[in-house]
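S.K.: Before I ask anything, here is the structure I am working with.
The values are calculated or read from the model by the stated rules, or taken from the named source; none is laboratory data. It should be emphasised that the depicted structure is a prediction, and the values quoted were computed from it without experimental measurement. So basically every Cβ, Gly included, is an ideal-geometry build from the backbone, and we count neighbours across all protein chains shown. When the accessible area is computed, the model is the full protein with side chains, heavy atoms only, and any ligands, DNA or RNA have been set aside. Shrake-Rupley method; radii C 1.70, N 1.55, O 1.52, S 1.80 Å.
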Amino acid sequence: MRVRSLLIPLLLAAAAAAEDPVTASRRNAVVRAVERVQPSVVSVRVVHREQVRRYRHPLELLFRDPFGPRYYRGHRDRVLEGSGFIVDSEGFVLTNAHLLGRRGIRKVEVSLPDGRVFQVRSGSRDVALDLAVLEIEGGGLPVAPLARSDHLLVGEWAIAIGNPFDLGPTVSIGVISAVDRDFEEPQGDYYYRDMIQTDAAINPGNSGGPLVNALGEVVGVNSFIYTGGEYSLGSIGIGFAIPIGNARRFLDEMRVHGEVRRPWHGIVDLQDLTPRWASYLKLDAREGAVVMQVTVDSPAYEADLDRYDVIVGINGEAVGSASEARSVLGGLRVDQTCALEIIRSNEPRTIEFRIRERPKVTEWN
C-alpha cells in the first residue's frame with residue numbers, strides 16, 4: 001500500500017511533465033534537424049609544408065660573412081582547418097576545395113564528433129565549383145541525408161552546422177535570405193554561381209559544413225561570408241552556400257569516373273564589348289563578350305564560333321561582360337550542352353555544342 005502511495009505522485013508528475021507545453025516545445029523541428037545531421041559533420045585539418053625566409057642572427061652575419069645574404073630559406077608547417085560532412089557510407093567526406101590549398105599538402109585528418117580520427121587516403125577537387133571530396137576508411141560512419149531538390153523557399157529555416165578547429169559541432173540558425181546569387185568577380189580563386197544566401201552565421205572554420213533545412217536535409221555547402229569591409233573577419237549575417245544540386249553532380253562525377261573530368265569548350269580569350277569595339281565591329285549591341293581566340297578542333301571551334309563573335313547569352317542567361325561569360329562557362333561540366341547566343345555581323349544567331357573533357361597533354365618522347 002505504501003509503495004502505491006509513493007508511485008502515484010511520481011506518475012502524476014511524469015504525466016504533467018509530458019503534457020507541459022514548454023517542455024514539449026523544446027524538441028522543435030530545428031532540434032530534430034540538428035540531431036539528424038550533426039553526427040556526420042566532421043572537422044577537417046590540413047597540414048601544409050611551405051617555404052619561408054628566415055633572417056640570420058646579427059651575430060651570425062658579424063662573425064661569418066658580413067656581406068652574405070641576410071636570410072636563408074627554410075620550411076614550416078601551416079595548418080588550415082574547416083568542416084565537412086560524410087555523404088557516403090564508403091567514407092566520402094564533402095567539403096570546400098579552398099580548405100585544401102593549392103600544393104604542399106603533407107597530411108589531412110578528419111575528426112568525427114564521436115572522437116574518431118581518420119587519415120585521408122585520397123581526395124579530389126573541382127576548383128571551378130570549390131568542392132572537394134576526401135576518402136577515409138572506417139565502419140559505421142554516420143551519413144548526412146542530402147535534399148533531393150534544389151527547391152528552396154526564401155524565408156524558410158536555415159541551419160548552419162560546422163565542426164571548427166576540432167572543438168566539436170556548432171550550430172547557428174537563420175533563414176534562406178535569397179537564392180541564385182551570382183558573383184561576376186571571383187571570390188579569391190573561385191567563381192561562385194547560383195549560390196544560396198543565408199543570415200545563419202558562417203564563421204571561420206565552418207567552411208565546408210552543411211546548410212540544413214528544417215527537415216534535417218542538407219541543402220547546401222557553406223562556403224564563404226561577406227564581411228562588409230576589407231579588414232572585417234566575422235559574420236554580419238550575409239553568408240553563402242553552394243547548392244546541393246551542384247554537389248550531387250560533383251559526387252556523381254567522382255563515383256562514375258573516379259575523378260573530376262576537366263571541362264573543355266575551347267574559348268581561350270574574351271574581352272568586354274567596349275564602345276570602341278562596338279564601333280569597330282559596326283554593332284548596335286553595347287554589352288557582351290567579344291571572342292578573341294578559339295582553340296582549333298575544340299567543341300566551340302567545331303560549332304563554328306569565330307573570332308570577333310560577341311557572346312550575349314549562355315544557356316538562356318544574359319551575358320554583359322567577359323568576366324560574366326567566363327563565370328558561366330567555368331560552371332559548365334563535361335557532357336553538358338552549351339548554347340551560345342552570339343552576334344555576328346550585327347545579326348543574332350545561336351551556336352550549340354557539347355562540353356568535352358579537356359585533352360590530356362601529350363609530352364614529347
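S.K.: Residue by residue through segment 326-352, note down the ones that are outside any strand (DSSP E or B) and either within 10 Å of Val290 (Cα to Cα) or in contact with a Phe, Trp or Tyr (Cβ under 6 Å, 6 or more places away or on another chain) (or both).
M.R.: Ser327, Gly330
S.K.: Need pairs with beta-carbon distance below 8 Å; first residue surrounded by 12 or more Cβ atoms within 10 Å (Cβ to Cβ) and within segment 22-43, second part of a helix (DSSP H, G or I); sequence gap 6+ or separate chains.
M.R.: Listed pairs, sorted by first residue: Ser43/Pro164; Ser43/Phe165; Ser43/Asp166.
S.K.: What is the residue count in segment 142-173 for residues that are open to solvent by 20 Å² or more (accessible area, probe 1.4 Å) and of a type in the set (A, V, I, L, M)?
M.R.: Of the residues in that region, 8 qualify.
S.K.: I'd like to verify a number: residues in segment 22-79 that are modelled with pLDDT of 75 or more and assigned to a helix (DSSP H, G or I), how many?
M.R.: 13
S.K.: Is there a residue in segment 142-161 that is in a strand (DSSP E or B), more than 17 Å from Leu215 (Cα to Cα) and either under 19 Å from the mean Cα position of the chain (by Cα) or at pLDDT 90 or above (or both)?
M.R.: No; the residues of segment 142-161 include none that is in a strand (DSSP E or B), more than 17 Å from Leu215 (Cα to Cα) and either under 19 Å from the mean Cα position of the chain (by Cα) or at pLDDT 90 or above (or both).
S.K.: Right, next: Quick check, is Arg121 open to solvent by 80 Å² or more (accessible area, probe 1.4 Å), modelled with pLDDT under 85 and touching a Lys or Arg at 6+ places or on another chain (Cβ under 8 Å)?
M.R.: For Arg121, the condition - open to solvent by 80 Å² or more (accessible area, probe 1.4 Å), modelled with pLDDT under 85 and touching a Lys or Arg at 6+ places or on another chain (Cβ under 8 Å) - is not met.
S.K.: A further question follows. Name the single residue that is farthest from the chain's Cα centre (by Cα) among those in segment 317-330 being closer than 21 Å to Ile242 by Cα, open to solvent by 30 Å² or more (accessible area, probe 1.4 Å) and not acidic (Asp, Glu). Break it down into steps so the answer makes sense when it comes.
M.R.: In the first step, residues of segment 317-330 are kept if they are closer than 21 Å to Ile242 by Cα; the result is 317, 323-330.
Filter again for open to solvent by 30 Å² or more (accessible area, probe 1.4 Å), leaving 317, 324, 326, 330.
Going one step further and asking which of them are not acidic (Asp, Glu), we end up with 326, 330.
Values: Arg326: 18, Gly330: 14 Å.
Here the answer is Arg326.
S.K.: Quick one: which of Leu251, Leu305 is in a loop (DSSP other than H, G, I, E, B) and either out of contact with any Cys (no Cβ under 9 Å at 6 or more places or on another chain) or open to solvent by 30 Å² or more (accessible area, probe 1.4 Å) (or both)?
M.R.: Leu305
S.K.: Looking at (1) free of Cβ contacts under 8 Å to residues at least 12 places away in the same chain; (2) open to solvent by less than 90 Å² (accessible area, probe 1.4 Å); (3) part of a loop (DSSP other than H, G, I, E, B), find the lone condition where Lys360 falls short.
M.R.: It fails just one condition, (2).
S.K.: Something else now. Out of the residues in segment 331-354 that are of a type in the set (D, E, K, R) and more than 15 Å from Ala318 (Cβ to Cβ), state the one that is surrounded by the fewest Cβ atoms within 10 Å (Cβ to Cβ). Reasoning before the result, please.
M.R.: At the first step, the residues of segment 331-354 found to be of a type in the set (D, E, K, R) are 333, 335, 341, 344, 347, 349, 352, 354.
If we keep only those that are more than 15 Å from Ala318 (Cβ to Cβ) too, we end up with 333, 335, 344, 347, 349, 352, 354.
Working: Arg333: 19, Asp335: 12, Arg344: 17, Glu347: 8, Arg349: 12, Glu352: 11, Arg354: 14.
Once the filter is applied, the top-ranked residue is Glu347.
S.K.: Tally the residues that are among the polar types (S, T, N, Q) and open to solvent by 30 Å² or more (accessible area, probe 1.4 Å), restricting the search to segment 200-226. Even if it seems obvious, please write down each step before you answer.
M.R.: Restricting attention to segment 200-226, the residues satisfying the condition of being among the polar types (S, T, N, Q) are 203, 206-207, 213, 222-223.
Retained after the next criterion (residues that are open to solvent by 30 Å² or more (accessible area, probe 1.4 Å)): 203.
Residues in segment 200-226 being among the polar types (S, T, N, Q) and open to solvent by 30 Å² or more (accessible area, probe 1.4 Å): 1 in total.
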